[in-house]
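Q: Here it is, the structure in full.
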Amino acid sequence: MVATNVDARRQYDDEQFTAVSVYQSDDQKVVIGYFEPGQFIPVHAPDSDVAITVLSGTGVVREGTETRRVESESVVVVPAGTDRGVKADADSRLEATLVTAPPPTDAEHEPVRRGLRRGEFDPE
């Protein structure tokens, strides 16, 4: 069993969102995302499903061409191969668990790294 405490793992970075790894196997990866206001995971479309559960704060989740408002207790599931991204509102920190199955590859995260370098939520 893997167990953790969101408060004890909390980490924020002024430059970009923080993903704190909770668990990873060949089948799934679980992270807690900590976002300062306005921070984001750029839109990308890896070959993995993702389930996002918002623990606190407000923001948006991109799912394909739809942008969905999220807040504490929101759950969004985005299927593999679908564009997705997460962004905290400009006036709110956002904390969420993100469970991906299977874990995205390093190559599939290149659009995330590129978007973060450029400061672009939707790099397309």
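The values are calculated or read from the model by the stated rules, or taken from the named source; none is laboratory data. Bear in mind the structure is a predicted one, so any value in this text is a computation, not a measurement. Using ideal geometry, Cβ is built from the backbone for each residue, glycine included, and neighbour counts are taken over all protein chains shown. Side chains are part of the model used for accessible areas, which takes the heavy atoms of the whole protein and leaves out ligands, DNA and RNA. Shrake-Rupley method; radii C 1.70, N 1.55, O 1.52, S 1.80 Å.
Q: Being touching a strand residue (DSSP E or B) at 6+ places or on another chain (Cβ under 7 Å) and hydroxyl-bearing (S, T, Y) narrows it down to one of T53, T65, so name that one.
A: Details: T65 fails: touching a strand residue (DSSP E or B) at 6+ places or on another chain (Cβ under 7 Å).
Sole residue among the options that is touching a strand residue (DSSP E or B) at 6+ places or on another chain (Cβ under 7 Å) and hydroxyl-bearing (S, T, Y): T53.
Q: Related question: Of all residues in region 70-81, how many are surrounded by fewer than 16 Cβ atoms within 10 Å (Cβ to Cβ) and in a loop (DSSP other than H, G, I, E, B)?
A: As a first pass, look at region 70-81 and keep what is surrounded by fewer than 16 Cβ atoms within 10 Å (Cβ to Cβ): 71-73, 75, 77, 79-81.
Filter once more, so that each one left must be in a loop (DSSP other than H, G, I, E, B): 72-73, 79-81.
Selection size over region 70-81: 5.
Condition check ((1) of a type outside the set (A, V, I, L, M); (2) open to solvent by less than 70 Å² (accessible area, probe 1.4 Å)) across all residues:
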| position | (1), (2) |
| --- | --- |
| V6 | no, yes |
| D14 | yes, no |
| F17 | yes, yes |
| S21 | yes, yes |
| Q24 | yes, no |
| P37 | yes, yes |
| S48 | yes, yes |
| R68 | yes, no |
| A90 | no, no |
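Q: Of H44, H109, which residue is in contact (Cβ under 8 Å) with a residue 60 or more places away in the chain, under 14 Å from the mean Cα position of the chain (by Cα) and surrounded by fewer than 18 Cβ atoms within 10 Å (Cβ to Cβ)? Walk me through it before giving the result.
A: Values: H44 fails: surrounded by fewer than 18 Cβ atoms within 10 Å (Cβ to Cβ).
Result: H109 is the single residue among H44, H109 that is in contact (Cβ under 8 Å) with a residue 60 or more places away in the chain, under 14 Å from the mean Cα position of the chain (by Cα) and surrounded by fewer than 18 Cβ atoms within 10 Å (Cβ to Cβ).
Q: In the list Q11, Q16, Q24, which residue meets the criterion of being in contact (Cβ under 8 Å) with a residue 24 or more places away in the chain and out of contact with any helix residue (DSSP H, G or I) (no Cβ under 8 Å at 6 or more places or on another chain)? Spell out the reasoning first.
A: Numbers: Q11 fails: in contact (Cβ under 8 Å) with a residue 24 or more places away in the chain; Q16 fails: out of contact with any helix residue (DSSP H, G or I) (no Cβ under 8 Å at 6 or more places or on another chain).
None of the other options fit; the residue is Q24.
Q: Of everything in region 59-84, what is within 13 Å of the chain's Cα centre (by Cα) and free of Cβ contacts under 8 Å to residues at least 60 places away in the same chain? Give them in sequence order.
A: Within region 59-84, G59, V60, V61, E63, V70, V75, V76, V77, V78, D83, R84 qualify.
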